[in-house]
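Comments concern the structure below.
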Amino acid sequence: MNKTRTGGMTAIAVLNLVFGAILALTNLWVMMGLHAVMSRSFAGAEATAAAMTRLGMSLYYVVCGAVAIVAGVGVLKVAPWGRILSLAYAGLIIPGYVIDIFLPTIGESSDGGLVLGAKIIGSIIGSVFWMIYPVILLIVFQKPSWKEAFKPKSGVHDHNVNFCPECGAKVNSEDSFCQNCGRSLKDASIPQRRGENDVLPDM
């Protein structure tokens with residue numbers, strides 16, 4: 001199996017690392033600001049509730065960012081878990097951005113008029129922009145060539161690597177004869193590991 005990392009895979013890995021770092025760090029910064037808002041004695045109940053909601057969303061984004069960073073490392077290594085975590089990141093972040101559109105801004109009131117409308121439009125545009133990359137991940141990692149590249153490696157004792165029942169040497173399931181002792185392997189029950197006492201039928 002070819003495990004060579006292509007240029008496209010390297011680009012995806014770097015983007016995972018970059019987007020993940022930006023997402024995690026910016027939301028850690030936001031969480032610090034929200035903590036300051038909630039600690040003010042004059043903060044109203046509405047502002048505190050909005051801050052709590054936003055704090056939970058920021059924590060969610062930090063987790064998503066961490067997943068993206070680990071996924072980037074996995075894609076660099078062309079490891080199966082790199083593909084799995086990349087898809088997990090995309091599956092987690094897209095609903096988050098959709099929910100984010102409807103979350104209130106701290107200090108936002110219902111009678112904000114044009115200002116409130118502008119904030120909503122800006123939130124929608126921002127969320128759609130940031131959703132482009134996760135959608136690309138979902139598309140790219142479903143391509144047959146990428147699925148093949150990120151398949152788990154076959155184990156040493158899988159159905160393709162067996163042992164000769166006569167001498168215990170490694171043989172492949174398609175071999176007709178043992179390369180070590182010359183024993184015929186046709187129609188034989190070949191043990192998966194050394195030490196099994198399989199007996200060949202008379203030929």
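Please work out if THR53 is at pLDDT below 95 and in contact with a Pro (Cβ under 9 Å, 6 or more places away or on another chain). Yes: the conditions hold for THR53. Among the residues of this structure, PHE129 counts as one that is at pLDDT below 90, surrounded by fewer than 13 Cβ atoms within 10 Å (Cβ to Cβ), closer than 23 Å to ALA21 by Cβ and assigned by TED's automatic domain parsing to the domain that holds MET31.
The values are calculated or read from the model by the stated rules, or taken from the named source; none is laboratory data. Only a predicted model underlies this, so the values are computations on that prediction, with no experimental measurement involved. Neighbour counts run over all protein chains shown; Cβ positions are idealised from the backbone, glycine included.
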